[in-house]
Amino acid sequence: MQINILITFIISLLLGVFLNNFFIKRPLKFLVKKANISAIRFSTQSKPIFGGVGFYVVFIIMVIVALFILQNEIYQTSEYKSIILVVTLSFIMGLADDVISTPPSFKFIVQFLCAFIFIFNGIYIQISPNEWYNYIITVLWVVGIMNSINMLDNMDAVTALTSFSIIGGAALFAVIFDSEISTFMGLVLISTSAALISFLFYNWHPSKMYMGDNGSQFLGAILALVGIVFYWNAVPIGDFQYGYNLKQVLIVASAFIVPLSDTTTVTINRLLRKQSPFVGGRDHTTHHLFYLGLSVRWVGIVLFLINSVGVVLALYLINTGGSLNYKYLLYFAAYPIMVFLFLYINTKITKQK
């Protein structure tokens, strides 16, 4: 297994660098750019948006390699089929929005469909003995995270770094502690981590390319999946005690603290101003860190470090199993609460430049 992981990582990293370098060197007439260039963004939307194409090609190559490595072990499983279908739907939906600027309703329909595909194939959040409650939470999670990652993609390197902390942390934990996640899921984590690293070479400020909606929706689907399989369901719940439910929530809140804080902050502030949360603007937590005085590069670094600390806390909670008394979980709640309050309050005290 270790050699397979190493091979997958190296192939994915080299392939990602090759693809991004290939795309960036194409003549201007071949570059795919945002159709809706008039939308309110932090910086220009005229740069190529091939990042997501690179993610998806690396993913498909990984799927093909996995067939040869694992053979009959995976290709007939519902997990294998559902992941390929959901990731493909998400990528195509995002690419369509990039190219022809689709209405928000189209996104929501595809996102709900992705959630239903996961549930139908047995991939859903297990937090209650009531299955319908689990299904509802899963739908809200999938749709919420896919939109959250799309909203977070508003400044160079921020989304790629944040996603890498979540996916890379899960991949590292799975390798070191021999996690019970499937071999195919492990390969998904490794290949996506490598693809993110290769993309960061071109997305680091000042960026040469963006990931586009095709990339943010791809990552949203992957992160929703990783959140369910690795973070939400990391705690085996037999009798659904309150303490274990709290542990699940804290694991997810810590590991996804940056995207959850940004989406929650933007939604609250825009609703207070009687604006739609789904319209672009320069009022994200990322922007307000810039208004605070951080450079664009340091905004990405700071948010990466903040989310990485949250991932470490989440992994610690996962690794403790049932040995940690749930009364002590309240201490772990301090970190995500403090991060959210800091990012939210900062949007109230800094002014747009």
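Name every residue in the range 330-353 that is more than 22 Å from the chain's Cα centre (by Cα), surrounded by 13 or more Cβ atoms within 10 Å (Cβ to Cβ) and not in a helix (DSSP H, G or I), in order of residue number.
T350
Being free of Cβ contacts under 8 Å to residues at least 12 places away in the same chain and either over 17 Å from A160 (Cβ atoms) or buried (at least 16 other Cβ atoms within 10 Å of the Cβ) (or both) narrows it down to one of G281, G300, G293, so name that one.
Values: G281 fails: free of Cβ contacts under 8 Å to residues at least 12 places away in the same chain; G300 fails: free of Cβ contacts under 8 Å to residues at least 12 places away in the same chain.
Just one listed residue meets the conditions, G293.
Conditions: (1) at pLDDT 95 or above; (2) within 26 Å of A194 (Cβ to Cβ); (3) out of contact with any Cys (no Cβ under 8 Å at 6 or more places or on another chain); (4) hydroxyl-bearing (S, T, Y). S90 meets all but one. Number of the miss?
(3)
Among the residues of the range 282-322, which ones are of a type in the set (G, A, S) and closer than 23 Å to E180 by Cβ? Show your work before the answer.
Residues of the range 282-322 of a type in the set (G, A, S): 293, 295, 300, 308, 310, 314, 321-322.
Scanning the range 282-322 gives G310, A314, G321, G322.
Of all the residues that make up the range 78-121, how many are outside any helix (DSSP H, G or I) and surrounded by 16 or more Cβ atoms within 10 Å (Cβ to Cβ)?
Of the residues in the range 78-121, the ones outside any helix (DSSP H, G or I) are 101-103, 121.
Next, only the ones that are surrounded by 16 or more Cβ atoms within 10 Å (Cβ to Cβ) stay: 102, 121.
Summing the residues that are outside any helix (DSSP H, G or I) and surrounded by 16 or more Cβ atoms within 10 Å (Cβ to Cβ) in the range 78-121 gives 2.
Quick one: how many residues across the range 122-147 are outside any helix (DSSP H, G or I) and among the hydrophobic types (A, V, I, L, M, F, W, C)? Full working, then the answer.
Filtering the range 122-147 for residues outside any helix (DSSP H, G or I) gives 122-130.
From what is left, the residues that are among the hydrophobic types (A, V, I, L, M, F, W, C) are 123, 125, 127.
Summing the residues that are outside any helix (DSSP H, G or I) and among the hydrophobic types (A, V, I, L, M, F, W, C) in the range 122-147 gives 3.
Please determine whether any residue of the range 37-56 is in a helix (DSSP H, G or I), more than 19 Å from H205 (Cβ to Cβ) and at pLDDT below 85.
Looking through the range 37-56, none of the residues is in a helix (DSSP H, G or I), more than 19 Å from H205 (Cβ to Cβ) and at pLDDT below 85.
Looking at the range 166-208, which of the residues that are in contact with a Gly (Cβ under 8 Å, 6 or more places away or on another chain) and among the hydroxyl-bearing types (S, T, Y) is farthest from T77 (Cα to Cα)?
Y202
Surrounded by fewer than 19 Cβ atoms within 10 Å (Cβ to Cβ), touching a residue at least 40 places away in the same chain (Cβ under 8 Å) and of a type in the set (A, V, I, L, M, F, W, C): which single residue out of F184, F201, F173, F164 fits that description? Spell out the reasoning first.
Numbers: F184 fails: surrounded by fewer than 19 Cβ atoms within 10 Å (Cβ to Cβ); F173 fails: surrounded by fewer than 19 Cβ atoms within 10 Å (Cβ to Cβ); F164 fails: surrounded by fewer than 19 Cβ atoms within 10 Å (Cβ to Cβ).
Of F184, F201, F173, F164, the one residue that is surrounded by fewer than 19 Cβ atoms within 10 Å (Cβ to Cβ), touching a residue at least 40 places away in the same chain (Cβ under 8 Å) and of a type in the set (A, V, I, L, M, F, W, C) is F201.
The values are calculated or read from the model by the stated rules, or taken from the named source; none is laboratory data. Keep in mind that what you see is a predicted model, and the values were worked out from it rather than measured. Backbone-built Cβ (ideal geometry, glycine too); neighbour counts: all protein chains shown.
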